[in-house]
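Take a look at the structure set out below.
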Amino acid sequence: MRDYFHSYVVVGVLLLVGGGVVAGALAANRMLRPHRPTPEKLATYECGVDPVGGDWAQSYVRYYVFAYLYVVFAVDAVFLFPWATVFSAPGYGLTTLGEMFVFLGFLAAGLAYAGKKGVLSWV
């Protein structure tokens, strides 16, 4: 039992050392950097263009939904590769095939829901 807790002590010490290194680097950066703020440096930066208008802008949620859908299907692609390796192993074929159909069914239901809500149209 002592060896079990000893491994946690090692992890805790490594976390403390890592946190100390990060804190030391940030402190050294703060002490060594030049600090000369000017109004130009404190102005809002918009890709090299002078900022115009107010500080509030409306954005469409639709773009975030497209990003979310991309992440969902990228994760789907990531799950397909390990599934293909297990599918070829003897004794796992029908089980993994059924699991993959359930997984793809959930994805298809989500895609159908997004299509029904009109998320997939650019209008």
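Can you give me the convex hull volume of the Cα atoms of the chain, divided per residue and expressed in Å³?
Cα-based convex hull of the chain, divided per residue, equals 273 Å³.
Please compute the modelled spin-label separation between residue 66 and residue 42, points set 7 Å along Cα→Cβ, answer in nm with one decimal.
In this crude spin-label approximation the distance works out to 3.8 nm.
Rounded to the nearest 10 Å², what accessible area does residue 64 have for a 1.4 Å probe in the complete protein model?
Surface accessible to solvent at residue 64 totals approximately 150 Å².
Leaving ligands, DNA and RNA out of it, report the carbon-plus-sulfur percent of the accessible area of the chain at a 1.4 Å probe.
The nonpolar share, carbon plus sulfur, comes to 71 percent.
In whole Hz, what ³J(HN,Hα) sequence does the range 20-35 give by Karplus (6.51, -1.76, 1.60; θ = phi - 60°), x for Gly and Pro?
Taking θ as phi minus 60°, the curve returns x, 5, 5, 4, x, 5, 5, 5, 5, 4, 5, 7, 8, 6, x, 10 Hz for the range 20-35.
The values are calculated or read from the model by the stated rules, or taken from the named source; none is laboratory data. Quick caveat, the model's predicted, so the values are computed rather than measured. Neighbour counts run over all protein chains shown; Cβ positions are idealised from the backbone, glycine included. Side chains are part of the model used for accessible areas, which takes the heavy atoms of the whole protein and leaves out ligands, DNA and RNA. Shrake-Rupley method; radii C 1.70, N 1.55, O 1.52, S 1.80 Å.
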